[in-house]
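Input: a single structure, listed below in structure tokens.
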Amino acid sequence: MVPDEISTLNLHSHGFHPEIEVQDFPIRGKAVFLRIKRRRWKDIDTGKVYSRDWRIVAHGTRITAEFGSFLKELLRQ
């Protein structure tokens, strides 16, 4: 699905960004790894490439921002 903010443009699918792997909260004692692929779209009229800007990963890590905050709280105790 094309993001709402660019849905009015003349876009077509332009492949995917490289897949990333992110670690999240353990579930029932098992490690959880999310594999995320982000789609790209190309504006046929201008040639500009668009994609969603997901800020899911904590900066400088390979874990979700929420999980990073959780771990920081554990270390403070």
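The values are calculated or read from the model by the stated rules, or taken from the named source; none is laboratory data. Bear in mind that the values here come from a model prediction, so they are computed numbers and not experimental data. Virtual Cβ from ideal backbone geometry, glycine too; neighbours counted across all protein chains shown. Note: accessible area is taken over every heavy atom of the protein model, side chains too, but ligands, DNA and RNA are not part of it. Shrake-Rupley method; radii C 1.70, N 1.55, O 1.52, S 1.80 Å.
Quick check on this structure: which one of Arg35, Arg40 is at pLDDT 85 or above, in a strand (DSSP E or B) and open to solvent by 80 Å² or more (accessible area, probe 1.4 Å)?
Just a single option satisfies the conditions, and that option is Arg35.
Could you check, for the stretch 9-30, whether at least one of its residues is at pLDDT 80 or above, under 17 Å from the mean Cα position of the chain (by Cα) and among the charged types (D, E, K, R)?
Checked against the condition, which is being at pLDDT 80 or above, under 17 Å from the mean Cα position of the chain (by Cα) and among the charged types (D, E, K, R), the stretch 9-30 yields at least one hit.
Looking at Asp4, Asp53, Asp45, can you tell me which residue is modelled with pLDDT of 85 or more and surrounded by fewer than 12 Cβ atoms within 10 Å (Cβ to Cβ)?
Asp45
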